[in-house]
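> Quick one: structure below, then a few questions.
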Amino acid sequence: MRTAYRVETIRAAEAELMSRLPEGTLMRRAAAGLAAACFSLLGRGRVYGARVVLLVGSGDNGGDALFAGARLARRGAGVTAVLLGSRAHQGGLAALRAAGGRVAEDPFEPLAAADLVLDGITGIGGRGGLRPDAVPVARAARGSGAVVVAVDLPSGVDADTGEVTGEVLRADATVTFGAYKPGLLIDPAREYAGAVRLVDIGLGDFLPSVPELQALQHEEVARMLPVPAAESDKYRRGVVGVVAGSRRYPGAAVLAVAGALHGGAGAVRYVGPAGEAVIARFPETLVHAGPPAKAGRVQAWVVGPGLGDAPGVDDVLASDVPVLVDADGLRDLSAELVRTRTAPTLLTPHAGEAAALLGVAREAVEAGRLAAVRELAARFGATVLLKGSTTLVAEAGGRGPVRVNPTGTSWLATAGSGDVLSGLAGSLLAAGLPALDAGSAAAYLHGLAARRASGGASGAASGGASGGASGGASPIAAGEVATALSGAWRDVTS
């Protein structure tokens, strides 16, 4: 499992570790890891003669860049430092000069011919975007065609929240030290980080056991997924009820049922007006005209996809089993009604639905996804899965680590994919998973299934990426995602 920590936590851990080490040890460790990543990015045999530019701010990450630059210079690279802060790390500057590096008088001259640029302008202490004097240099670096490597964090993004409120230097790769920062895993900041590499500098024993963010991997998800025992029947495996679809949107019901059936449910009870469409596609479904309370025994409910203005939400919320509320079920949802439930509730809004529930603009949710998911979980007393380019899952009350899904792909931005996710998560709730695990595992499998269906990579996410690139893949429809869930399940559990 990947974990991310807030800046104040990381700095406290660094201070504790530094108190036990000779002065400068931590920076030298970081610089060694940064230089090794640069060697790899430049390619074997291409370091000698490579033109490297260091954008150096006043902070420690400017020092990291200078010491890494010295290592590159000793390997034969031509290294030039562009000093952008009010001061530079004197030890790092001396090391660079001793290795044959130089300091540029004109910041734009070396960028015109650079092969690789190290962004050491602001790092994890930066807030509110780049300073005005750094913006022209950052733009020149981005427009140079050189590979841009961020030192710890792209300059200008908020390390703690992933917010971007000003100009940022977009990186092709980020080398981060000691631990991931939330801004490397959450959009919009994550989009600026490129491929992320973590360098171990020895902080592990000094970080708390409870992080700010968690990103699951195959091993953790495999442990969550239910496995039928020899004596299992459909009720032991879990029966999920689906209240979805309408005469106008029967496909939402079909897709939610598809997600549930491919998500391991022992049986699916469908309640609503789209029964004929559901049976035509999935004859194993148990169909009932409603109301939900009379449909028969279930271990969890999914309500909302394609429901329109049809009733059913209040009836389902009055039950004593876990309930997932999505799409139309979220419209005008009563926070008081959800808070008073004794069984778990999982809400699965996208940014627009989350904004309506919070009474803010959609742009505010998209800009501050971590704050939004925590606020929703606290206000409704429910587990919240905030869908998007980086899907986040916060436990009821908004406390504890938020989970960020690392398997998504932009091809999931297609009609009906959220309906499949709802059915899948509902089946895991019916199998007995806690709401946080059900939402997290469902998002993980959903992303892997989309990668499989689109022809993209289907292995474990790597490097701290949270959304997943779409390169080399092809368009998909939601039904294909549902069909690919079985293969994604095998990928995780094999």
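> Collect the residues in the stretch 1-60 that are outside any loop (DSSP other than H, G, I, E, B), hydroxyl-bearing (Ser, Thr, Tyr) and under 30 Å from residue 440 (Cα atoms), keeping them in residue-number order. Full working, then the answer.
The first filter runs over the stretch 1-60 and keeps only residues outside any loop (DSSP other than H, G, I, E, B), leaving 2-4, 7-18, 25-42, 51-56, 60.
Going one step further and asking which of them are hydroxyl-bearing (Ser, Thr, Tyr), we end up with 3, 9, 25, 40.
The answer is 3, 9.
> Can you name every residue in the stretch 273-295 that is part of a loop (DSSP other than H, G, I, E, B), out of contact with any strand residue (DSSP E or B) (no Cβ under 6 Å at 6 or more places or on another chain) and open to solvent by 10 Å² or more (accessible area, probe 1.4 Å)? Give the steps one after another, and end with the answer.
The initial filter retains those residues of the stretch 273-295 that are part of a loop (DSSP other than H, G, I, E, B), namely 273-274, 282-285, 289-291, 295.
Remaining after also requiring out of contact with any strand residue (DSSP E or B) (no Cβ under 6 Å at 6 or more places or on another chain): 273-274, 282-284, 289, 291.
Scanning the stretch 273-295 gives 273, 282, 283, 284, 289, 291.
> Identify, please: which residue in the stretch 296-305 is at pLDDT 95 or above and within 14 Å of residue 238 (Cα to Cα) and is, among those, surrounded by the fewest Cβ atoms within 10 Å (Cβ to Cβ)?
Our first condition is that a residue be at pLDDT 95 or above; within the stretch 296-305, this holds for 298-305.
Still in the list and also within 14 Å of residue 238 (Cα to Cα): 298-302.
Details: 298: 26, 299: 22, 300: 31, 301: 31, 302: 35.
Ranking the qualifying residues of the stretch 296-305, first place goes to 299.
> How many of the residues making up the stretch 222-252 are modelled with pLDDT under 95, under 23 Å from residue 444 (Cβ atoms) and open to solvent by 30 Å² or more (accessible area, probe 1.4 Å)?
Qualifying residue count, the stretch 222-252: 4.
> I've got another one for you. Search the stretch 248-262 for residues that are in a helix (DSSP H, G or I) and pair each with any residue that is open to solvent by less than 40 Å² (accessible area, probe 1.4 Å) and among the hydroxyl-bearing types (Ser, Thr, Tyr) when their beta-carbon atoms are under 6 Å apart and the residues are at least 6 apart or on different chains.
Filtered contacts from the stretch 248-262: 256/422; 257/270; 257/285; 260/427.
> For residue 229, all conditions in the list (1) under 26 Å from residue 385 (Cβ atoms); (2) without any contact (Cβ under 8 Å) to a residue 60 or more places away in the chain; (3) of a type outside the set (Ser, Thr, Tyr) hold save one; what is the number of the exception?
So residue 229 meets the others, but not (1).
> Determine which single condition residue 29 fails, assuming it passes every other condition in (1) open to solvent by 30 Å² or more (accessible area, probe 1.4 Å); (2) of a type outside the set (Ser, Thr, Tyr); (3) in contact with a helix residue (DSSP H, G or I) (Cβ under 9 Å, 6 or more places away or on another chain).
Every condition holds for residue 29 apart from (3).
> Output the residues belonging to the stretch 128-143 that are without any contact (Cβ under 8 Å) to a residue 60 or more places away in the chain and either touching a strand residue (DSSP E or B) at 6+ places or on another chain (Cβ under 7 Å) or at positive phi (or both).
Matches in the stretch 128-143: 128, 129, 142.
> Where in the stretch 323-430 are the strands (runs of 3 or more DSSP E), entirely inside, with at least 3 residues that are within 17 Å of the chain's Cα centre (by Cα)? Walk me through it before giving the result.
On the way: elements: 323-325, 345-347, 383-386, 392-394, 402-404.
Result: 383-386, 392-394, 402-404.
> So residue 137 ticks every box in (1) more than 25 Å from residue 43 (Cβ to Cβ); (2) within 19 Å of the chain's Cα centre (by Cα); (3) surrounded by fewer than 24 Cβ atoms within 10 Å (Cβ to Cβ) but one. Which box is left unticked?
If we test residue 137 against (1) more than 25 Å from residue 43 (Cβ to Cβ); (2) within 19 Å of the chain's Cα centre (by Cα); (3) surrounded by fewer than 24 Cβ atoms within 10 Å (Cβ to Cβ), just (2) comes out false.
> Return the only residue of 81, 73 being free of Cβ contacts under 8 Å to residues at least 40 places away in the same chain, crowded, with 19+ Cβ neighbours inside 10 Å and closer than 20 Å to residue 143 by Cβ.
Values: 73 fails: closer than 20 Å to residue 143 by Cβ.
So the residue among 81, 73 that is free of Cβ contacts under 8 Å to residues at least 40 places away in the same chain, crowded, with 19+ Cβ neighbours inside 10 Å and closer than 20 Å to residue 143 by Cβ is 81.
> Shifting gears a bit: Of everything in the stretch 157-212, what is aliphatic (A, V, I, L, M), assigned to a strand (DSSP E or B), in contact with a Ser or Thr (Cβ under 8 Å, 6 or more places away or on another chain) and within 15 Å of residue 4 (Cα to Cα)? Give them in sequence order.
Taking the stretch 157-212 first, the residues aliphatic (A, V, I, L, M) are 157, 159, 164, 168-169, 171, 173, 175, 179, 184-186, 189, 193, 195-196, 198-199, 201, 203, 207, 210.
Okay, now just the ones that are also assigned to a strand (DSSP E or B), so 173, 175, 195-196, 198-199.
Within this subset, residues satisfying the condition of being in contact with a Ser or Thr (Cβ under 8 Å, 6 or more places away or on another chain) are 195-196, 198-199.
Matches in the stretch 157-212: 196, 198, 199.
> Go through 259, 204 for me and flag whichever is small (Gly, Ala, Ser) and surrounded by fewer than 18 Cβ atoms within 10 Å (Cβ to Cβ).
Numbers: 259 fails: surrounded by fewer than 18 Cβ atoms within 10 Å (Cβ to Cβ).
Every option except 204 fails the conditions.
> Among the residues of the stretch 313-322, write down those that are open to solvent by less than 40 Å² (accessible area, probe 1.4 Å) and part of a helix (DSSP H, G or I). First the steps, then the outcome.
Step one: list which residues in the stretch 313-322 are open to solvent by less than 40 Å² (accessible area, probe 1.4 Å), which gives 313, 316-317, 319, 321-322.
Passing the criteria: 313, 316, 317.
> Could you tell me whether any residue of the stretch 71-87 is more than 16 Å from residue 46 (Cβ to Cβ), at pLDDT below 95 and more than 34 Å from the chain's Cα centre (by Cα)?
yes
> Applying the selection to the stretch 263-272, what residues are open to solvent by less than 20 Å² (accessible area, probe 1.4 Å), of a type outside the set (A, V, I, L, M, F, W, C) and in a strand (DSSP E or B)?
The answer is 270, and nothing else.
> Any idea which residue in the stretch 169-179 is farthest from residue 147 (Cα to Cα), counting only those that are of a type outside the set (Gly, Ala, Ser) and crowded, with 24+ Cβ neighbours inside 10 Å?
Keep residues of the stretch 169-179 that are of a type outside the set (Gly, Ala, Ser), which gives 169-170, 172, 174-177.
Imposing the further condition that a residue be crowded, with 24+ Cβ neighbours inside 10 Å reduces the set to 169, 174-177.
Details: 169: 12, 174: 11, 175: 13, 176: 16, 177: 20 Å.
Going through the qualifying residues, I end up with 177.
> Looking at this structure, is residue 195 open to solvent by 30 Å² or more (accessible area, probe 1.4 Å), within 15 Å of the chain's Cα centre (by Cα) and among the hydrophobic types (A, V, I, L, M, F, W, C)?
Working: open to solvent by 30 Å² or more (accessible area, probe 1.4 Å): yes; within 15 Å of the chain's Cα centre (by Cα): yes; among the hydrophobic types (A, V, I, L, M, F, W, C): yes.
Yes; evaluated as a whole, the condition is true for this residue.
> Here is a further query. Among the residues in the stretch 110-127, are any in a helix (DSSP H, G or I), closer than 20 Å to residue 172 by Cβ, open to solvent by less than 20 Å² (accessible area, probe 1.4 Å) and without any contact (Cβ under 8 Å) to a residue 60 or more places away in the chain?
Checking the stretch 110-127: at least one residue is in a helix (DSSP H, G or I), closer than 20 Å to residue 172 by Cβ, open to solvent by less than 20 Å² (accessible area, probe 1.4 Å) and without any contact (Cβ under 8 Å) to a residue 60 or more places away in the chain.
> I'd like the full set of residues that are aromatic (Phe, Trp, Tyr) and open to solvent by less than 20 Å² (accessible area, probe 1.4 Å), limited to the stretch 97-109.
Restricting attention to the stretch 97-109, the residues satisfying the condition of being aromatic (Phe, Trp, Tyr) are 108.
Listed by number, the list is empty, since nothing qualifies.
> Can you tell me how many residues in the stretch 479-494 are over 17 Å from residue 218 (Cα atoms) and either at pLDDT below 95 or open to solvent by 50 Å² or more (accessible area, probe 1.4 Å) (or both)?
Going through the stretch 479-494, the residues over 17 Å from residue 218 (Cα atoms) turn out to be 479-483.
Add one more test, that the residue is either at pLDDT below 95 or open to solvent by 50 Å² or more (accessible area, probe 1.4 Å) (or both), and what stays is 480, 483.
Selection size over the stretch 479-494: 2.
The values are calculated or read from the model by the stated rules, or taken from the named source; none is laboratory data. Bear in mind that the values here come from a model prediction, so they are computed numbers and not experimental data. Every residue, glycine among them, receives a Cβ derived from its backbone with ideal geometry; neighbour counts consider all protein chains shown. The protein model used for the area step is the full one, side chains on, heavy atoms only, and it has no ligands, DNA or RNA in it. Shrake-Rupley method; radii C 1.70, N 1.55, O 1.52, S 1.80 Å.
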